[in-house]
Structure formats: C-alpha cells, structure tokens
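Notes to accompany the following structure.
Throughout, read-outs are computed from the coordinates displayed, never taken from laboratory work. Note that this is a predicted model, so its numbers are computed, not measured. Backbone-built Cβ (ideal geometry, glycine too); neighbour counts: all protein chains shown.
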Amino acid sequence: MHEFSVALEIVDMLQENGYLSGVRKVNSIKLNIGKYSGIDENYLDFAFKNLNDERFKDVLLEFIHSGSDEIKIIEILAD
C-alpha cells in the first residue's frame with residue numbers, strides 16, 4: 001500500500017514549503033488525482049487519518065479526477 005508513502009510525501013512537501021507553519025489542524029485537502037496515478041482514494045484517506053500527526057487526524061480529502069497520472073494539491077483548508 002504505497003498510499004502511506006504518498007501521504008507522508010504530501011505532508012513533507014507542505015512542511016518544507018511553510019504551509020503548515022502555525023497550523024493546528026488541517027480540515028480538508030483538495031487533490032487532483034490522475035486516472036493512471038495508481039492511487040486508491042480509500043487507502044489514501046486511511047493513510048492520512050493514521051499518520052502520527054494529529055493535525056491530519058480528521059482531514060477530509062476531496063478528489064478531482066483527471067486523465068493524467070499526476071497528483072496535485074489544489075487547496076488546503078486549515079486552522
């Protein structure tokens with residue numbers, strides 16, 4: 001199940017770019033998931049909710065589908 005690695009990579013990218021600075025809780029993340037990305041949405045949702053990071057415990061993932069193989073973050077809502 002590579003979705004845990006994908007979730008960790010997304011969190012690392014957000015952290016490195018300063019998007020999580022001062023954030024107590026991430027409410028939702030809107031992701032553009034490519035049709036050929038190989039991502040199972042249920043497994044990715046499970047992965048985010050089971051990270052050792054309380055900020056993502058109740059995150060709502062919203063998925064937009066495209067015909068590519070990319071994964072892109074469209075929007076992040078956080079407190």
Q. Among the residues of the stretch 52-79, which ones are within 11 Å of the chain's Cα centre (by Cα), surrounded by 17 or more Cβ atoms within 10 Å (Cβ to Cβ) and free of Cβ contacts under 8 Å to residues at least 60 places away in the same chain?
A. PHE56, VAL59, LEU61
Q: Among the candidates ASP45, ASP53, single out the residue that is farther than 20 Å from ASN17 by Cβ and not basic (Lys, Arg).
A: ASP45
